[in-house]
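> A single structure is presented below for examination.
The values are calculated or read from the model by the stated rules, or taken from the named source; none is laboratory data. Please read all numbers here as calculations on a predicted model, not as lab measurements. For neighbour counting, all protein chains shown are included, and Cβ atoms are generated from backbone atoms with ideal geometry for every residue, glycine included.
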Amino acid sequence: MNQNHARSALLITASATALTLACPAFAQESPADKDLIIVTAQRDNQTGVRQGGSAGVLGNKPAEDLPFSVRSYNSALILNQQPQTLGQVLENDPTIRTTTGFGIAGELFNIRGFTLGGDDIGYDGLYGIMPRQLAAPELYESVEVLNGSSAFLNGAAPGGSGIGGSVNLIPKRATDRETTRATLGYTAPEHVGGSFDIGRRLGADGEWGIRINGAARAGDVSVDDEFRSTYVLGAGFDYVSGPLRLSLDLAYQRIKVAHFRPKLRVAGLGVIPEEPDASTNFGQPWQYTTLRDVFGQFRAEYDIAENVMIYAAFGARDGSEQGVYSTPTLLDATTGDISVSSSYIPRTDNNEAATAGLRARFETGGVSNEINFGGSINWLVNRNAYEFYTASPELNNLYDPIEVTRSSTVSFTGGNLDDPFPVSRTRLKSAFISDTIGFWDDRVMFTAGVRLQEIGSKSYSAFTEALTGEYKEHAWTPVFGLVVKPVEGLSLYANRVEALVQGASAPTSGANPAGGNPLPVSNAGEILSPYVSEQYEVGGKLSLGPVDMALALFQIDRETAILRIDPTDATMLEFGPYGIQRNRGIEFTLSGEISDGLRLIAGGSVIDAKLRQTQNGVNEGNDAVGVPEYLLNANVEWDVPFVPALTLTGRVVHTGEQPADIANTLVLDAWTRFDIGARYVALLGDNPLTLRLSIDNVANEAYWASAFDTFRPDLALGSPRTFKASATIEF
């Protein structure tokens, strides 16, 4: 531990201890009242996971009624763990791993071995209106994870990801209980900030609700000289009276990351380099990304009859980002020499999303039906420009980084850097219908439905703004799901569901499988229909009082476009969705209070991700890049019985080996990270004050965390030891 970290940790610990000892002197309540306040605050602060949540067009459902795997991480977890990004929340999930991509600071997620991009995170069920690279967790009441394909449930993801699962963020709204909360936080060595959260219900019957919350934090984090700043403000308004429910959510987010540590490119070296120290920053001081987003939604629901509801929602986002990026390339694994190139990429997005539908439930002759039908639409406009520069004449070093001069020599450029113009316009439309039929008091439930989706896009030249391509295709995405509840607390399920992404355009020529000159492509220029990925899943969910368990076995076949010899003309190639990546796996999750005062969030997953059909048979049967063989997580909280206001926490995250190149000649070692922490509830007057202290990666273990999301072996270094402290007071 360096001197600054030690001094900061001592300061935080001393301040927290002094404040804790001072608090009882302010108490105005009787001992019994004080104990009740402390116990209540400690209970409200319990980190937890709720099984069930939003299942898209099927609505919010308890886990036992869904033929899918859905979990919701609560706001107490977000408050207690002090995450700075969405990825740090999802570190708790034993089926997800987080990485970055494309030389930027934005997060990507690996779910069931497939990418979920930031563009495809849901905002209360709407796509395209969340900030696309980084999301500040403070704005959200819960983070919902749905494992598996969801083209029917949520519609096609506009960014073309989400094949293995989806994430949905629920904004904060006023509850029946008043909320007035203020928090001060610190992350070593220099990142400090605060947040507030206020919620009230107003009116004679509490029909009006208002919730306003915000956060501001800035400073260097645990990676050497990496600076991050986040400013967010959110407001939620709702009206609930009789059959009518209205809500309006508005949010502002501005994030800057400077001198961030990017991925390391090691293509062509044929070796995985030794890891540098965990806090080493081999990025450059001139690297940065600035993200600004204004977004929100309006929702309306109306009960036109008992168990018959119509609903509609509209959301929008105005986003801008700019940055200087770089993916350094390792030249020599022994010396650690790195070449440094760079790019400048400004971008703006203007997106809208809308959905409307009807949900009705009725019973006839002892058989229940829940009918859903409606439609959705997304409009997305991407304004983009770019300028790429040659490598710096100076070399950086992986193990002893230095600042190098950023090259000013342009290798290629496109668009108007000062005022980017549209390079793509995308529209996704869909109509859906489903019926869930229940037998024997819904002990057996069968869901069948279909969504007709149309994906349309236009692309424009980055030089002339002229239309260069146009795409409009449609596809049907059905869903079938079965739930059987043989005994109380046990739910068995199966599903067959699909994912959908936009098809590619056929090239003009390709490599000759027999060698020699390239061969022409018979369908050159053809735009393929949307790619379909099929998922089959069976599983079970068991609830034993306060403990929930779930087990799932799945197979996902993802179509990929490849070239093959044209079966009608051996002198030509044909481009089409003939490639397959097959991911098979098992997932197990467990959460709840396993004994009085002892809570656990845990689980694991095993994934076999194989390339089943590849171009010219090359790499056939190989493992997919960056998909770990297995994942294990355990997050423990213990309310210490002999110190009633104290809770101790611990977490272990273990990731198995993962291929780092498509040929499977390079493999990242398995890695394990340990986190510890504690929180203590004291009284300031009659107000509960929660003090938290945590250390992530206690051993300061250096490890290559991920090679995910690229066929090149680009490596992400794991986060170093990180000290966090915070104090929250409830009024």
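> How many residues does the range 688-704 hold that are more than 26 Å from the chain's Cα centre (by Cα) and in contact (Cβ under 8 Å) with a residue 60 or more places away in the chain?
Residues of the range 688-704 more than 26 Å from the chain's Cα centre (by Cα): 688-691, 699.
With in contact (Cβ under 8 Å) with a residue 60 or more places away in the chain added as a condition, the list becomes 688-691.
Summing the residues that are more than 26 Å from the chain's Cα centre (by Cα) and in contact (Cβ under 8 Å) with a residue 60 or more places away in the chain in the range 688-704 gives 4.
> Got a sec? Which of A552, A561 is part of a strand (DSSP E or B), of a type outside the set (S, T, N, Q) and under 21 Å from V653 (Cβ atoms)?
Details: A561 fails: under 21 Å from V653 (Cβ atoms).
The match here is A552.
> Please give the strands (runs of 3 or more DSSP E) falling wholly within the range 301-382 in which 3 or more residues are of a type outside the set (D, E, K, R).
Details: elements: 308-325, 337-339, 342-344, 347-364.
Fully inside the range 301-382 and qualifying: 308-325, 342-344, 347-364.
> Six or more apart or on different chains, Cβ under 6 Å: which pairs go from a residue in the range 450-473 that's farther than 16 Å from S376 by Cα and touching a residue at least 60 places away in the same chain (Cβ under 8 Å) to one that's of a type outside the set (S, T, Y) and part of a strand (DSSP E or B)? Could you list them?
A462/G414; A462/V423
> Which one of these does Y123 not meet: (1) surrounded by 24 or more Cβ atoms within 10 Å (Cβ to Cβ); (2) at pLDDT 95 or above; (3) more than 27 Å from A174 (Cα to Cα)?
(3)
> Further question: Of the residues E537, E454, which is in a strand (DSSP E or B), among the charged types (D, E, K, R), in contact with a strand residue (DSSP E or B) (Cβ under 6 Å, 6 or more places away or on another chain) and more than 20 Å from P158 (Cα to Cα)? Spell out the reasoning first.
Values: E454 fails: more than 20 Å from P158 (Cα to Cα).
Selected residue: E537, the only one of E537, E454 that is in a strand (DSSP E or B), among the charged types (D, E, K, R), in contact with a strand residue (DSSP E or B) (Cβ under 6 Å, 6 or more places away or on another chain) and more than 20 Å from P158 (Cα to Cα).
> So, in the range 248-285, how many residues would count as being assigned to a strand (DSSP E or B), in contact (Cβ under 8 Å) with a residue 40 or more places away in the chain and crowded, with 20+ Cβ neighbours inside 10 Å? Steps first, please.
At the first step, the residues of the range 248-285 found to be assigned to a strand (DSSP E or B) are 248-258, 264-265.
Imposing the further condition that a residue be in contact (Cβ under 8 Å) with a residue 40 or more places away in the chain reduces the set to 248-253, 255, 257, 264-265.
Still in the running and crowded, with 20+ Cβ neighbours inside 10 Å: 249, 251, 253, 255, 257, 264-265.
Adding up the residues that qualify gives 7.
> Which members of the range 704-718 meet the condition of being at pLDDT 95 or above and surrounded by fewer than 20 Cβ atoms within 10 Å (Cβ to Cβ)?
Within the range 704-718, just G718 meets the criteria.
Yes/no per residue for (1) surrounded by 24 or more Cβ atoms within 10 Å (Cβ to Cβ); (2) of a type outside the set (D, E); (3) part of a loop (DSSP other than H, G, I, E, B):
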{"position": "I129", "(1), (2), (3)": "yes, yes, yes"}
{"position": "V143", "(1), (2), (3)": "yes, yes, no"}
{"position": "L146", "(1), (2), (3)": "yes, yes, no"}
{"position": "P158", "(1), (2), (3)": "yes, yes, yes"}
{"position": "N168", "(1), (2), (3)": "yes, yes, no"}
{"position": "D176", "(1), (2), (3)": "no, no, yes"}
{"position": "R181", "(1), (2), (3)": "no, yes, no"}
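> From Q581, Q555, Q613, which residue is within 30 Å of E473 (Cβ to Cβ), of a type in the set (S, T, N, Q) and modelled with pLDDT of 95 or more? Even if it seems obvious, please write down each step before you answer.
Values: Q581 fails: modelled with pLDDT of 95 or more; Q613 fails: modelled with pLDDT of 95 or more.
On inspection, the qualifying residue turns out to be Q555.
> Continuing with this model, one more query. Look through the range 333-366, keep the residues that are acidic (D, E) and in contact (Cβ under 8 Å) with a residue 24 or more places away in the chain, and return whichever of them is surrounded by the most Cβ atoms within 10 Å (Cβ to Cβ). Give the steps one after another, and end with the answer.
Within the range 333-366, the subset acidic (D, E) is 337, 349, 352, 363.
Remaining after also requiring in contact (Cβ under 8 Å) with a residue 24 or more places away in the chain: 337, 349, 352.
Values: D337: 15, D349: 20, E352: 17.
Among those residues, the one meeting the criterion is D349.
> Sticking with this one: Here is a list: G481, G525, G503. Which entry is surrounded by 15 or more Cβ atoms within 10 Å (Cβ to Cβ), in a loop (DSSP other than H, G, I, E, B) and not β-branched (V, I, T)? I'd like the intermediate steps shown before the answer.
Numbers: G481 fails: in a loop (DSSP other than H, G, I, E, B); G525 fails: surrounded by 15 or more Cβ atoms within 10 Å (Cβ to Cβ).
Being surrounded by 15 or more Cβ atoms within 10 Å (Cβ to Cβ), in a loop (DSSP other than H, G, I, E, B) and not β-branched (V, I, T) holds for just one of G481, G525, G503, which is G503.
> Looking at this structure, is L139 within 29 Å of G375 (Cα to Cα) and of a type outside the set (D, E, K, R)?
Criteria met by L139.
> Filter the range 110-120 down to the residues that are buried (at least 24 other Cβ atoms within 10 Å of the Cβ), assigned to a strand (DSSP E or B) and not polar (S, T, N, Q) and list them by number.
I111, F114, L116
> Next question. Among the candidates A105, A151, single out the residue that is surrounded by 23 or more Cβ atoms within 10 Å (Cβ to Cβ) and either at pLDDT 95 or above or within 16 Å of the chain's Cα centre (by Cα) (or both).
Going through A105, A151 in turn, just one is surrounded by 23 or more Cβ atoms within 10 Å (Cβ to Cβ) and either at pLDDT 95 or above or within 16 Å of the chain's Cα centre (by Cα) (or both): A105.
> In the range 506-522, which residue that is assigned to a loop (DSSP other than H, G, I, E, B), aliphatic (A, V, I, L, M) and within 17 Å of Y578 (Cβ to Cβ) is farthest from the chain's Cα centre (by Cα)? If you could, list the steps in order and put the result at the bottom.
Quick first cut of the range 506-522, residues assigned to a loop (DSSP other than H, G, I, E, B) only: 506-508, 511-518, 522.
If we keep only those that are aliphatic (A, V, I, L, M) as well, we get 506, 511, 514.
Pick out the ones that are also within 17 Å of Y578 (Cβ to Cβ) and you get 506, 511.
Working: A506: 31, A511: 37 Å.
Residue satisfying both the conditions and the ranking: A511.
> Right, something else. Are any of the residues in the range 579-597 of a type in the set (A, V, I, L, M), surrounded by fewer than 17 Cβ atoms within 10 Å (Cβ to Cβ) and closer than 21 Å to P67 by Cα?
yes
> Let me ask something else about it. Taking only the range 50-92 into account, find how many residues are of a type outside the set (A, V, I, L, M, F, W, C), in contact (Cβ under 8 Å) with a residue 24 or more places away in the chain and closer than 21 Å to V487 by Cα.
Within the range 50-92, the subset of a type outside the set (A, V, I, L, M, F, W, C) is 50-54, 56, 59-62, 64-65, 67, 69, 71-75, 80-85, 87-88, 91-92.
Okay, now just the ones that are also in contact (Cβ under 8 Å) with a residue 24 or more places away in the chain, so 50-51, 53-54, 56, 59, 64-65, 67, 69, 71-75, 80-85, 88, 91-92.
Next, only the ones that are closer than 21 Å to V487 by Cα stay: 50-51, 64-65, 67, 69.
Result for the range 50-92: 6.
> Please indicate, with yes or no, whether at least one residue in the range 435-447 is surrounded by 20 or more Cβ atoms within 10 Å (Cβ to Cβ) and under 26 Å from the mean Cα position of the chain (by Cα).
Initial filter on the range 435-447 (surrounded by 20 or more Cβ atoms within 10 Å (Cβ to Cβ)): 436, 438, 445, 447.
Subsequent filtering for residues that are under 26 Å from the mean Cα position of the chain (by Cα) retains none.
No, there is no match, as no residue in the range 435-447 is surrounded by 20 or more Cβ atoms within 10 Å (Cβ to Cβ) and under 26 Å from the mean Cα position of the chain (by Cα).
> If we scan the range 386-406, do we find a residue that is farther than 24 Å from A552 by Cβ, modelled with pLDDT under 95 and under 27 Å from the mean Cα position of the chain (by Cα)?
Looking for residues that are farther than 24 Å from A552 by Cβ, modelled with pLDDT under 95 and under 27 Å from the mean Cα position of the chain (by Cα), one finds at least one in the range 386-406, hence yes.
> Further question: Does A602 count as at pLDDT 95 or above, surrounded by fewer than 16 Cβ atoms within 10 Å (Cβ to Cβ) and among the small types (G, A, S)?
Answer is no for this residue.
> Something else about it: Mind checking which pairs have a first residue in the range 628-646 that is over 30 Å from A707 (Cβ atoms) and a second that is part of a loop (DSSP other than H, G, I, E, B) and among the aliphatic types (A, V, I, L, M), Cβ under 7 Å, 6 or more apart or different chains?
L646/V640
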